[in-house]
Amino acid sequence: MTGIEAVGSRSRINATAAVRAYLATCGIVLLLMMLLGLTMRLAQAQWIDVEPNLFYVVMTMHGAGMVGIAGLGGAAVMWHFVRRYVPVSTAIFVANLVFFLIGAALILGAGFIGGFAGAWTFLYPLPGHSGGLWSANGAAAYMAGLLVIGVGFLLLHLDIARGIISIYGGLGAGLGVKQAFGFAPEKDGPPPAVAAATMAAISNVIGIVVGAVVLILSLVNLYAPSFTFNTLAAKNLIYYFGHTFINVTIYMAVIAVYEILPVYTHRAWKTNRVFYLAWVLSTLMVLTVYPHHLLMDFAMPTSILVAGQIISWLSGLPVLLVTAFGALTNVYRSGLKWDAAAGLVFMGVAGWAIGIIPAVADGTIPVNSVMHNTQWVPGHFHTYLLLGMMAMMLGFMTYLAGPKSPSHLAPAGVWLYLIGGTTFVLAFLAAGSASVPRRYAVHLPAWLAYDRAGSIGASLAVAGALILIVRFLVSLRSPIDATP
Ligand code: HEM
Ligand SMILES: [Cu+2]
């Protein structure tokens, strides 16, 4: 082995160890947060007793924790694959994990010690108006935790953007803008992983900076209540950040589909002009679509709300369509042999695609005025997050664990996750269409049937995830060279 090879293989080992650390964190936190979710569902079903005050702490921790590890899981997928094409720093990747763990500790302390229960969206001025349930310090620890996590992601996206610029010459080139508009041959365009990582960098850097602004303003308000700012402006900033961050988790995780399915089908993922155009449009739209969270705010200018509605119909669609179509054509008649990893990433595309339908419905003003604040909302976002984004991440985990890891149980894990998860989200959607409100700790007797069906589905989904995650954790005993 020459010196250069030795350095190269050592850096691959460090990098793989870092990806494994990310996924181990994601797996463990995902299970814990699923258990918090199950606790809420069982409480709504009146199968267990949970004090309402505690319910809202649990809801806040579940929301923040899930959004956080969705980001972390997406980052693991993105970094693992994008470093095949551009130079990236392992130190910064690890730093992001450290920032994440510090932020998560602050957030958990804020909730379970400080009692913070203002929901993950920390909507101003709620953090400063606890009605005596939590202190300013509790709310501050929560928001400081989010800031710390944001700093980590900012560093990571900037480093990847630097790597992309160093190889492709600019972010426009990383996104394939010239290919999208026919100014350069399709075959010279960036690989899908690079286009997706460019989109993630552009959107999340802007979103995180906006989030930091409103977090800092809110922190000042906590300790100097005479310092106030416009609540509607604050809501705009928060949803700009929140919408972007959670959407980008999917755009990062989808790289697993682009990279893993071709391994199974022995066919490269086809990129063409439409593919690049879809990513360019999605980059523009993810940043302008957030007003669908404000459709019921009558003080918002109507023009912005109408634009928000129209962009909601359009924004998810381009990348979703090229990905769903690409996945189908990649798989069709390829003779692919299905296993748990291939099944999960494929499920991810389907869960994402199906979840967008009720989401688009809810982004339509006349529908929103009825469905807003009902369980229709957790119904649609759990579909594309649990059965979409997380399925892609679990697929990546299962793929990295490799076939050597005990695999006879893996298909059972996939089926439990799919069947349980589907039952769970359908229970939310059905309850939503019967106008059951979301974010209610205590439910009326007429709603219990939905809650109980949802609880059973959730339990099965947790069991499925447990199998897949334990299998991944067991695989960590094998040396890194064995991982793909
Ligand atoms: C077995 C898995 C899961 C269960 C049982 C579960 C359960 C729940 C429940 C009961 C709620 C409150 C619903 C209500 O408003 O009445 C909720 C809210 C939420 N969940 Fe989940 N969930 C699961 C997975 C996930 C995943 C995978 C994600 C994201 C990646 C997620 C993100 C959220 C968010 C953001 C909220 C909103 C919290 C809020 O309203 O502030 N959940 N979940
Ligand atoms: Cu949104």
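The values are calculated or read from the model by the stated rules, or taken from the named source; none is laboratory data. Being a predicted model, the structure only gives us computed values, none of them experimental. All Cβ positions, glycine included, derive from the backbone under ideal geometry; neighbour counts span all protein chains shown.
Data for the structure
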read-out: Set 449, 410, 465, 461: member being away from ligand 2 (no atom under 16 Å from the Cβ), of a type in the set (A, V, I, L, M, F, W, C) and over 25 Å from the mean Cα position of the chain (by Cα); value: 449
read-out: Residue check for residue 38: farther than 20 Å from residue 249 by Cα and over 21 Å from the mean Cα position of the chain (by Cα); value: no
read-out: Residue list for the stretch 139-190, restricted to those being in contact with a helix residue (DSSP H, G or I) (Cβ under 9 Å, 6 or more places away or on another chain), outside any helix (DSSP H, G or I) and surrounded by fewer than 20 Cβ atoms within 10 Å (Cβ to Cβ); value: 170, 181, 182, 183, 184, 185
read-out: Residues within the stretch 288-302 that are hydroxyl-bearing (Ser, Thr, Tyr) and not in a loop (DSSP other than H, G, I, E, B), tallied; value: 2
read-out: Residue satisfying condition, being outside any helix (DSSP H, G or I) and either among the β-branched types (Val, Ile, Thr) or in contact (Cβ under 8 Å) with a residue 60 or more places away in the chain (or both), within set 439, 452, 471, 477; value: 439
read-out: Filter result (part of a helix (DSSP H, G or I) and of a type in the set (S, T, N, Q)) within the stretch 336-387; value: 368, 369, 383
read-out: Flag for residue 281 being at pLDDT below 95, in contact with a helix residue (DSSP H, G or I) (Cβ under 6 Å, 6 or more places away or on another chain) and surrounded by fewer than 23 Cβ atoms within 10 Å (Cβ to Cβ); value: yes
read-out: Close pairs (8 angstrom Cβ cut-off, 6 or more residues apart or separate chains): more than 10 Å from ligand 1 (Cβ to nearest atom) in the stretch 239-255, of a type in the set (Val, Ile, Thr) and not in a helix (DSSP H, G or I) anywhere; value: 239/121; 243/289
read-out: Cross-chain or 6+ apart pairs with Cβ under 8 Å, the stretch 80-99 first and farther than 14 Å from residue 167 by Cα and of a type in the set (S, T, N, Q), then surrounded by fewer than 18 Cβ atoms within 10 Å (Cβ to Cβ) and at pLDDT 95 or above; value: 96/155
read-out: Matching residues in the stretch 44-74 - criterion: being in contact with a His (Cβ under 9 Å, 6 or more places away or on another chain) and on the phi < 0 side of the Ramachandran plot; value: 44, 45
read-out: Residue in the stretch 216-225 that is free of Cβ contacts under 8 Å to residues at least 24 places away in the same chain and part of a helix (DSSP H, G or I) present; value: yes
read-out: Extreme residue, nearest to ligand 2 (Cβ to nearest atom), among residues of the stretch 358-373 that are aliphatic (A, V, I, L, M) and either at positive phi or without any contact (Cβ under 8 Å) to a residue 60 or more places away in the chain (or both); value: 359
read-out: Hey, residue 251 part of a helix (DSSP H, G or I), farther than 29 Å from residue 304 by Cβ and not basic (Lys, Arg) or not; value: no
read-out: Criterion violated by residue 359 - all others in (1) under 16 Å from the mean Cα position of the chain (by Cα); (2) modelled with pLDDT of 95 or more; (3) of a type outside the set (Val, Ile, Thr) satisfied; value: (2)
read-out: Residues of the stretch 413-442 classified as within 16 Å of residue 377 (Cβ to Cβ) and away from ligand 2 (no atom under 16 Å from the Cβ), total; value: 16
read-out: Among (1) over 21 Å from residue 209 (Cβ atoms); (2) more than 16 Å from ligand 1 (Cβ to nearest atom); (3) at pLDDT 90 or above; (4) among the hydrophobic types (A, V, I, L, M, F, W, C) - the single one residue 304 does not satisfy; value: (1)
read-out: Residue 391 vs. criteria within 11 Å of ligand 1 (Cβ to nearest atom) and either out of contact with any His (no Cβ under 9 Å at 6 or more places or on another chain) or not small (Gly, Ala, Ser) (or both); value: yes
read-out: Boolean, residue 351 is in contact with a Ser or Thr (Cβ under 7 Å, 6 or more places away or on another chain), closer than 26 Å to residue 68 by Cβ and at pLDDT 95 or above; value: yes
read-out: Sole residue being surrounded by 20 or more Cβ atoms within 10 Å (Cβ to Cβ), over 24 Å from residue 29 (Cβ atoms) and away from ligand 2 (no atom under 16 Å from the Cβ), chosen from 342, 350; value: 342
read-out: Answer residue from the stretch 96-118, given it is in a helix (DSSP H, G or I) and more than 20 Å from the chain's Cα centre (by Cα) and is nearest to residue 151 (Cα to Cα) among those; value: 106
read-out: The one condition in (1) buried (at least 23 other Cβ atoms within 10 Å of the Cβ); (2) within 14 Å of the chain's Cα centre (by Cα); (3) more than 16 Å from ligand 2 (Cβ to nearest atom) that residue 33 fails to fulfil; value: (1)
read-out: Some residue of the stretch 264-276 being in contact with a Ser or Thr (Cβ under 9 Å, 6 or more places away or on another chain), in a helix (DSSP H, G or I) and surrounded by fewer than 19 Cβ atoms within 10 Å (Cβ to Cβ); value: no
